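> Sharing a structure below in structure tokens format, with a few things to ask.
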Amino acid sequence: MVDVPTLVEQARAGRPRAVARLISLVEGASPQLREVMAALAPLTGNAYVVGLTGSPGVGKSTSTSALVSAYRRAGKRVGVLAVDPSSPFSGGALLGDRVRMSEHASDPGVYIRSMATRGHLGGLAWSAPQAIRVLDAAGCEVILVETVGVGQSEVEIASQADTSVVLLAPGMGDGIQAAKAGILEIGDVYVVNKADRDGADATARELNHMLGLGESRGPGDWRPPIVKTVAARGEGIDEVVEALEKHRAWMEEHGVLADRRMARAAHEVETIAVTRLRERIGDLHGDRHIGALAERIVAGSLDPYAAADELVAGLTEA
């Protein structure tokens, strides 16, 4: 058994191994997870969570690294949660790529963690909300969450971040995507990376046109800015940080930040509750009751909805 209070105290003191152990307890759905979350609850709510999403190849990892550098120059303590689409967490390297993040590896003010989706759709790992809470409690002032890059379905980050950044790059079909619903509708800030390539201005114009067509904003509403960057050279990154800070200030002024965090907490509670119900239903798969319900459905004497009602009633009484 883990000494959770000591582990939390060490994480608050900035000890990377303690943070890593806490996130491991989260990922492994440890029996002590409830104790961990209870201990962390009073210590959270201070971090600014920024989600970075976009199609594969737009430069999310490079942009994340550049943002880490910018925030560190501003004296901020930064946490990075990078979601890997296939492999388990890989020693804290961003998506397993130690080269891109090597400049931050020895910085005590930066904590980097890779997590596996483990089959979870939507671009995030199922345990990402709890991992974000660990980094928040550990004193990270800014948490950058980089999603896996699965395309237009990668919209879950909008429900987990305070500010969502959508990255695009010229010459990758983004002009066509700009006319579609999906990932390009969740951005609070849009970044056209690799702006030194041909077509960058055209991509920015198409994005601006899309925002103009789709907006139904009134005076004082937030209009997502479009920032052009060359993240590999650090160009435009300060402008991205400026856009992020302006969005944060706007959200605080209009009460949007509190609303988003309330919605995030409600979604997390719902997810945990649904997961528990699924586990309880799973325990009934070999039960005579559910087997009898299945037989009645096949025989035509019971419809699936009525059977589900009976099952739910049984779970409630249990």
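> If you go through the stretch 252-284, how many residues are over 29 Å from Leu315 (Cα atoms) and part of a helix (DSSP H, G or I)?
Result for the stretch 252-284: 9.
> Restricting attention to the stretch 230-243, which residues are more than 30 Å from Gly255 (Cβ to Cβ) and either free of Cβ contacts under 8 Å to residues at least 40 places away in the same chain or of a type in the set (S, T, N, Q) (or both)?
If the condition is that a residue be more than 30 Å from Gly255 (Cβ to Cβ) and either free of Cβ contacts under 8 Å to residues at least 40 places away in the same chain or of a type in the set (S, T, N, Q) (or both), then Val230, Arg233 are the ones that fit.
> Can you report the number of residues in the stretch 30-52 which are of a type outside the set (Phe, Trp, Tyr), within 16 Å of Ile132 (Cα to Cα) and either open to solvent by less than 20 Å² (accessible area, probe 1.4 Å) or in a strand (DSSP E or B) (or both)?
Summing the residues that are of a type outside the set (Phe, Trp, Tyr), within 16 Å of Ile132 (Cα to Cα) and either open to solvent by less than 20 Å² (accessible area, probe 1.4 Å) or in a strand (DSSP E or B) (or both) in the stretch 30-52 gives 7.
> Determine the pairs where a residue that is at positive phi, located within the stretch 1-30, has a partner that is among the acidic types (Asp, Glu) and open to solvent by 20 Å² or more (accessible area, probe 1.4 Å) with Cβ atoms under 9 Å apart, the partner being 6 or more residues away or on another chain.
none
> Here's another thing I want to ask about it. Is at least one residue of the stretch 7-21 aliphatic (A, V, I, L, M) and touching a strand residue (DSSP E or B) at 6+ places or on another chain (Cβ under 8 Å)?
Scanning the stretch 7-21, I find at least one residue that is aliphatic (A, V, I, L, M) and touching a strand residue (DSSP E or B) at 6+ places or on another chain (Cβ under 8 Å), so the answer is yes.
> Identify all residues within the stretch 1-24 that are open to solvent by 20 Å² or more (accessible area, probe 1.4 Å) and either under 20 Å from the mean Cα position of the chain (by Cα) or among the charged types (D, E, K, R) (or both); write none if there are none.
The answer is Asp3, Glu9, Arg12, Arg15, Arg17, Ala20, Arg21, Ser24.
> Which residues, taken from the stretch 40-62, are touching a helix residue (DSSP H, G or I) at 6+ places or on another chain (Cβ under 7 Å), at pLDDT below 95 and on the phi < 0 side of the Ramachandran plot?
Hits for the stretch 40-62 are Leu40, Leu43, Thr44, Asn46, Gly51, Leu52, Thr53, Ser61, Thr62.
The values are calculated or read from the model by the stated rules, or taken from the named source; none is laboratory data. These numbers were taken from a predicted model, which means no experiment stands behind them. Cβ coordinates were reconstructed from backbone atoms using ideal geometry, including for glycine residues, and neighbour counts include every protein chain displayed. Ligands, DNA and RNA are excluded from the accessible area calculation, which covers all protein heavy atoms including side chains. Shrake-Rupley method; radii C 1.70, N 1.55, O 1.52, S 1.80 Å.
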